[in-house]
Amino acid sequence: MPLIVAVPKESAPGERRVAMEPSVAKKLAGLGVEVWMEPGAGEEAGFDDSDFSDATFVSAEELYEQADVMLRVQAPSEEEIGRLREGAVLIGTLTPYRYPERVRALAERKITSFAMELIPRISRAQAMDVLSSQAAVAGYKAAIMGADLSIRFFPMLTTAAGTIRPSRVLVIGAGVAGLQAIATAKRLGAIVEAYDVRSATKEQVESLGAKFIELEISAEGEGGYARELTDEEKRKQQEELAGYIAKADCLITTAAVPGRPAPKIIPASTVEGMKRGAVIIDLAADGGGNCELSVPGETREHNGVVIHAPLNVPSQVPLHASEMYAKNLFNFLSPMLAEGALQPDWDDEVVAGALLTRDGEIVNEQVKQAVAGA
């Protein structure tokens, strides 16, 4: 019997993405795999069931009972994990540090699970990098949200009533999300400045037409990530940034440390120094936020400054986010497929890096320690 790759509806509140798109379903079918989907799985992302001509639609109950490989956007609940047959394979963004109880459930159910966000960020894995693809969506949307909430135009306008000056946008964090925010804000006509603790990002920032802010603090880390700053470094960073932030009409923050709470780099005192009508878009809200005054999932005002802390931003652009995510999944899964069967190379560093649970054990050491301490 051919391998069954199953795609259910996402169950997380507010999640509009889906882990499949029509061209990926066609490619999987061409590799001798059967794609099964739950009816309506792609509706929130803008896909009709009829768009998936290469997929078979079955009930959720049958999907969970028969799935050999299940593709998800977000981690399934404990109840959903219990519905998977023992020995099935699960691939998705599983956020193991946030949901240790789900990791335990996966191990107990003897599910072989792969967390896409744990894939090592090496050159040949770029096409599988869900963190980058979804961060690009978030960065784009952040600039749009900033322009929407602002009391000012972003571009310079020359009108019969006079000339309107362009807004000043400051982006903190020049990873994928930050760079996309910079590019989008520039397209909208704003004057853009950016800061990152990694000095290596200066060239990328300037290539997009933004000014790079250079501070005394540097935090180059391994694998392209920033290391966590010491308390003294954080204090100096906040003091130096405050002057630049005070001039900004829109501040977009994207700083995150994988597997840890987002660093608090914008204290209340800095917000109080911002101009009335300024906007903060805190893209790190899923990790608690970069701003001390951010309330994840809420929009609030403090001294005339709007602080917007949206959750799951990629889900706000669900069609294109789903397209990119599904292609990331295909690029990860397809090398494991041979003659319609799943044959992972356990010695491959990409496969090994993403592997979370197997044969009833939590195999990722960092996650294992975190789960044990939870």
Notebook entry, point to check: Are any residues in the range 113-136 surrounded by fewer than 20 Cβ atoms within 10 Å (Cβ to Cβ) and closer than 24 Å to Ala372 by Cβ, and if so, which ones?
Noted result: Glu117, Pro120
Margin query: Being surrounded by fewer than 19 Cβ atoms within 10 Å (Cβ to Cβ), within 22 Å of Glu117 (Cα to Cα) and not assigned by TED's automatic domain parsing to the domain that holds Ala41: is that true of Pro267 here?
Written below: no
Checklist line | Breaking point among (1) aliphatic (A, V, I, L, M); (2) touching an Asp or Glu at 6+ places or on another chain (Cβ under 7 Å); (3) closer than 28 Å to Gln316 by Cβ, for Val176 | finding: (2)
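So that you can scan it fast, the table gives a plain yes or no per residue for (1) aromatic (Phe, Trp, Tyr); (2) out of contact with any His (no Cβ under 7 Å at 6 or more places or on another chain); (3) over 16 Å from Val169 (Cα atoms); (4) at pLDDT 90 or above:
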residue	(1), (2), (3), (4)
Phe212	yes, yes, no, yes
Leu215	no, yes, yes, no
Tyr244	yes, yes, no, yes
Pro258	no, yes, yes, no
Ser269	no, yes, yes, yes
Item checked: Of all residues in the range 289-341 being β-branched (Val, Ile, Thr) and farther than 18 Å from Gln180 by Cα, the one that is surrounded by the fewest Cβ atoms within 10 Å (Cβ to Cβ) -> Val295
Next item on the list: Tell me which residues, restricted to the range 9-20, are crowded, with 16+ Cβ neighbours inside 10 Å and either in contact with a Pro (Cβ under 8 Å, 6 or more places away or on another chain) or closer than 15 Å to Met324 by Cβ (or both).
Entry: Arg16, Arg17, Val18, Ala19, Met20
Item checked: Close pairs from the range 344-371: first in the same structural domain as Thr93 (by TED's automatic domain parsing), partner basic (Lys, Arg) and in a helix (DSSP H, G or I), Cβ under 6 Å, at least 6 apart -> Ile362/Lys368
Note to self: Test of understanding: among Leu84, Leu90, Leu3, which residue is touching a Ser or Thr at 6+ places or on another chain (Cβ under 6 Å) and not acidic (Asp, Glu)?
What the structure shows: Leu90
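The values are calculated or read from the model by the stated rules, or taken from the named source; none is laboratory data. Small disclaimer: the values here were computed from a predicted structure and weren't measured. No Cβ is skipped: glycine too gets one built from the backbone with ideal geometry, and neighbour counts run over all protein chains shown.
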